[in-house]
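Novice: Quick one: the structure is below, questions incoming.
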Amino acid sequence: MRPDLVLLRELIAAGSAVAARPGRGAPEGAIVAAETVLGPLSPSFRWWLAEYGSGEVGGMPVASLSPDGDGGPLTGGLDGARLWFCREPCGHRYGFVLDVVVDGEHPVVGRDPFTGGDEPVAETFAGFLAVCEARAAGLRDGPNPTIARLWRSTPGVLRPDGERFYGPQSFQQRNEAFEVRRRAPHWALVGDDGGGAGFFMRRHGRDRVSVHRLDLGAVVQDVAAAGEFVTDDLIGRLLG
């Protein structure tokens, strides 16, 4: 799924895991020069470079570009089919898989310094930031597998019809505002329709794929009985 850049900007501004300041972006010429060495960059990472230029994720500096056009730290991270863009103090690295492209985006993997093995982290750079924010907020990878999958691509979705599916930067605040943990402890508020109703999914149990719509002023323990079934394929619905 293509990242929602509006909500990505919101995550960077409102979240706690990402530190970056707008208005310090790399010049277009420097980005183009780096792409002559690296090939086309992932759109969400290219946007990050143009908007912020540099920053940190979970205290890890993200590789930036040199203004003189030689690519600097970013092109220095090129390692075969991997482009490493940040590193933990323990040596664990994160990078793009350059020989895999989906909708222009390269997936992000982490490499264990002891085993040398790679593990998938996110489907996009935006998803990497969302995953880091979710973990920093104590949400693990997401409240259920469907939302975790969504966050690996984008920090939420804002649709033209007003529907909004939350990223980790707003998930807790919205659930706390409507006391979902107390009123419907087995459910999570994952979005809203912009008109007073929320979208709910189960946190636990066998059915963690169904989405139900319920008035946010009438949240009850049995959301499925009180609400309206929407879909059992949220990702497909958002892609459609």
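The values are calculated or read from the model by the stated rules, or taken from the named source; none is laboratory data. Since the model is a prediction, treat every value here as computed from it, not as a measurement. FYI the Cβ positions are ideal-geometry reconstructions off the backbone, even for glycines, and counts take in every protein chain you see.
Novice: Restricting to region 1-27, give me the number of residues that are buried (at least 22 other Cβ atoms within 10 Å of the Cβ) and touching a Ser or Thr at 6+ places or on another chain (Cβ under 8 Å).
Specialist: Qualifying residue count for the region: 5.
Novice: Is it the case that Val121 is of a type outside the set (S, T, N, Q), closer than 24 Å to Trp84 by Cα and in a strand (DSSP E or B)?
Specialist: In short, yes.
Novice: To continue, here is another question. Within region 185-240, which residues are touching a residue at least 60 places away in the same chain (Cβ under 8 Å) and in contact with an Asp or Glu (Cβ under 7 Å, 6 or more places away or on another chain)?
Specialist: If the condition is that a residue be touching a residue at least 60 places away in the same chain (Cβ under 8 Å) and in contact with an Asp or Glu (Cβ under 7 Å, 6 or more places away or on another chain), then Val209 is the only one that fits.
Novice: Go through region 60-76 residue by residue and tally those that are at pLDDT below 95 and either among the acidic types (Asp, Glu) or surrounded by fewer than 19 Cβ atoms within 10 Å (Cβ to Cβ) (or both).
Specialist: Within region 60-76, residues that are at pLDDT below 95 and either among the acidic types (Asp, Glu) or surrounded by fewer than 19 Cβ atoms within 10 Å (Cβ to Cβ) (or both) number 9.
Novice: Tell me which residues, restricted to region 79-99, are surrounded by 16 or more Cβ atoms within 10 Å (Cβ to Cβ) and hydrophobic (A, V, I, L, M, F, W, C).
Specialist: Result: Leu83, Trp84, Phe85, Cys86, Phe96, Leu98.
Novice: Picking from Val121, Val108, Val102, which residue would you name as being under 19 Å from Ala148 (Cβ atoms), surrounded by fewer than 16 Cβ atoms within 10 Å (Cβ to Cβ) and either at pLDDT 95 or above or under 19 Å from the mean Cα position of the chain (by Cα) (or both)?
Specialist: Going through Val121, Val108, Val102 in turn, the sole match is Val102.
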